[in-house]
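**Q** Below you'll find the structure I mean.
The values are calculated or read from the model by the stated rules, or taken from the named source; none is laboratory data. Given the structure is predicted, the values throughout are model-derived calculations rather than measurements. Neighbour counts run over all protein chains shown; Cβ positions are idealised from the backbone, glycine included. The accessibility values were calculated without ligands, DNA or RNA, using every heavy atom of the protein model including side chains. Shrake-Rupley method; radii C 1.70, N 1.55, O 1.52, S 1.80 Å.
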Amino acid sequence: MFGAATGAASLCLARPTLAMTPPTRLVAAVGQQALPFANAGRPVETWSYNGTVPGPLLRYSVGDRLEVEFENRLDEPTAVHWHGLRPPNAMDGAAQLTQAPVEPGRAMTYSFDLNDAGTYWYHTHFRGWNQQDRGLYGIIIVDEADPPKVDRDVLLVLDDWVLTPDGRLDTDFGSLHEWAHAGRLGSVATINNAVDAAIPLTAGERVRLRLANVANAQIFALIFSGHDPVVIAEDGNPVAPRALGDEPLMIGPGQRVDLIVDAVGAPGSSHAIGAYTLTDEIRLGRFIYGASSGGSGLAGTPVAPLPANARPVLDRANARRIPLAMEGGAMGRMRGAMMGGRMMGMQDLVTNGRVWAFNGVAGDMDVPLARLRRGETVVIDMVNDTAFPHAMHLHGMHFREIERNGTPVDGPWRDTALMASDDRLSIAFVAEAEGRWMLHCHMIEHQAGGMMTFVEIAEGPG
Ligand SMILES: [Cu+2]
């Protein structure tokens, strides 16, 4: 478990012989939880899995099977999405597209093989702008068959929270202002539920940090003063180890990054983890060094790449290209869009809570963006013609960024891509698995406000 009294998280080093058995039962329910930054530390109401925010850590080894009996004890429907994993379509949890939402009092079994190692997460995929913000999310770790040697494996969950003036969690959801602007941005930001989180380090050790951004809409650009983290995975996918140097680490909503950090500080020292957010420059936490040195001598040695997950070969020369125009929002140029099968002007769209559109369609999910043949390579040319950044998430498959603003790039495999205002980004993927797979902005208010579509993949003539 993480979320200890200090707010700092540390998972014990994974040893296959001591691997914990992940829970096989997840219950979504209203609960009470003390969050140190809210309500003077007294319990506040949350919606959570198994009574804690985040929900229980689900930790497996690659090749294991995820088996979860999910029960909904909320007063409204819900569903669980396994972000970044590649389950069969019926297990994807995209309520209303891949399954009916699980009604109050009902249960559903999620079961599928875990073929990719890495850091992933699970969260509600129904009214997420309400349910996810209240706490319906948790982390999934799939360990490599032969994990890299580190002294400790530490999970850092980044989130932000909107507090009321009297310090409670704000539940005034559905603000059209938030939906039409950057999304719901918190008034406080946390690591593992702690403001200015203390992350303990021992001089001389090597740690693997797993960062996950579970915020509705916030982007964090992290700066680790006095340390030079090495990126080893993005969205669970191994990358060639790359030292950050002076570059901030950008992590958008839904994204994960795995880092190797060598504890090069002096015993007793403290080093800020700073962050630029969409609105502020803050200190998100600190590395706090213990009084003595330790570690196994790994610090300072070369960082080896993680073993690759199986990924298909992209046939870019024969790829089908699909344009995706992203429009709308405040200060945008959109004058109208299709909704409910008919053209609406902005005023009517706003009245219906739709303020964004993909290719002129404001969130209708009756027709796919594209019908694809299983096995074919697809390039989606996304153009962010809006005044805001977006975090584009594809379900069921991972993609590579191949061109950004006219410049070819050789991006890693990802499941969520950040785009700045006016960015043009082309992503390539192989249509691997049959079914209906969502493509949406992971700023939940943007998704709910119209930034969602899906691709439909079927067996077809070659
Ligand atoms: Cu967005």
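**Q** Which condition breaks for Gly183 when tested against (1) in contact with a helix residue (DSSP H, G or I) (Cβ under 7 Å, 6 or more places away or on another chain); (2) surrounded by fewer than 18 Cβ atoms within 10 Å (Cβ to Cβ); (3) over 16 Å from Val53 (Cα atoms)?
**A** Just one mismatch for Gly183, condition (2).
**Q** Return a yes/no flag: does segment 400-411 have any residue that is within 16 Å of the ligand (Cβ to nearest atom) and open to solvent by less than 50 Å² (accessible area, probe 1.4 Å).
**A** The first filter runs over segment 400-411 and keeps only residues within 16 Å of the ligand (Cβ to nearest atom), leaving none.
Checked against the condition, which is being within 16 Å of the ligand (Cβ to nearest atom) and open to solvent by less than 50 Å² (accessible area, probe 1.4 Å), segment 400-411 yields no hits at all.
**Q** Identify all residues within segment 198-220 that are farther than 13 Å from Gly118 by Cβ, more than 15 Å from the chain's Cα centre (by Cα) and open to solvent by less than 20 Å² (accessible area, probe 1.4 Å); write none if there are none.
**A** The answer is Ile199, Leu201, Ala203, Glu205, Arg206, Val207, Leu209.
**Q** Scan segment 419-451 residue by residue and report those that are part of a strand (DSSP E or B) and either of a type in the set (Lys, Arg) or more than 10 Å from the ligand (Cβ to nearest atom) (or both).
**A** Arg424, Leu425, Ser426, Ile427, Ala428, Phe429, Val430, Gly435, Arg436, Trp437, Met438, Leu439
**Q** Those residues that are part of a strand (DSSP E or B), within 14 Å of the ligand (Cβ to nearest atom) and open to solvent by 20 Å² or more (accessible area, probe 1.4 Å), I need them from segment 340-394; list them, please.
**A** The one that is part of a strand (DSSP E or B), within 14 Å of the ligand (Cβ to nearest atom) and open to solvent by 20 Å² or more (accessible area, probe 1.4 Å): Val383.
**Q** Give the number of residues within segment 263-291 that are of a type in the set (Ser, Thr, Tyr), assigned to a loop (DSSP other than H, G, I, E, B) and open to solvent by less than 40 Å² (accessible area, probe 1.4 Å).
**A** Just the residues of segment 263-291 that are of a type in the set (Ser, Thr, Tyr), to begin with: 269-270, 276-277, 279, 289.
Now narrow it down to the ones that are assigned to a loop (DSSP other than H, G, I, E, B): 269, 277, 279.
With open to solvent by less than 40 Å² (accessible area, probe 1.4 Å) added as a condition, the list becomes 269, 277.
Number satisfying all stated conditions: 2.
**Q** So for segment 153-163 (the condition being more than 26 Å from Thr453 (Cα to Cα), in contact with a Phe, Trp or Tyr (Cβ under 6 Å, 6 or more places away or on another chain) and part of a strand (DSSP E or B)), does at least one residue qualify?
**A** Yes, segment 153-163 contains at least one residue that is more than 26 Å from Thr453 (Cα to Cα), in contact with a Phe, Trp or Tyr (Cβ under 6 Å, 6 or more places away or on another chain) and part of a strand (DSSP E or B).
**Q** Let me confirm something: among Asp235, Asp172, Asp166, which residue is of a type in the set (Asp, Glu) and in contact with a strand residue (DSSP E or B) (Cβ under 8 Å, 6 or more places away or on another chain)?
**A** Criteria check complete, one pass: Asp235.
**Q** For segment 292-310, indicate whether the set of residues that are more than 24 Å from Ala217 (Cβ to Cβ) and in a strand (DSSP E or B) is non-empty. Give the steps one after another, and end with the answer.
**A** If we filter segment 292-310 for residues that are more than 24 Å from Ala217 (Cβ to Cβ), which is where we start, we get 292-310.
Keeping just the survivors that are in a strand (DSSP E or B) gives 292-293.
Yes, segment 292-310 contains a residue that is more than 24 Å from Ala217 (Cβ to Cβ) and in a strand (DSSP E or B).
**Q** Being closer than 30 Å to Arg208 by Cβ and either surrounded by fewer than 22 Cβ atoms within 10 Å (Cβ to Cβ) or of a type in the set (Lys, Arg) (or both) is the filter here; which residues of segment 92-115 pass it?
**A** Of everything in segment 92-115, those that are closer than 30 Å to Arg208 by Cβ and either surrounded by fewer than 22 Cβ atoms within 10 Å (Cβ to Cβ) or of a type in the set (Lys, Arg) (or both) turn out to be Tyr110, Ser111, Phe112, Asp113, Asn115.
Per-residue answers, yes or no, for (1) over 17 Å from Val53 (Cβ atoms); (2) modelled with pLDDT under 95; (3) within 16 Å of the ligand (Cβ to nearest atom); (4) of a type in the set (D, E, K, R):
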position: Gly135; (1), (2), (3), (4): no, no, no, no
position: Asp172; (1), (2), (3), (4): yes, yes, no, yes
position: Ala212; (1), (2), (3), (4): no, no, no, no
position: Ala217; (1), (2), (3), (4): yes, no, yes, no
position: Pro229; (1), (2), (3), (4): yes, no, no, no
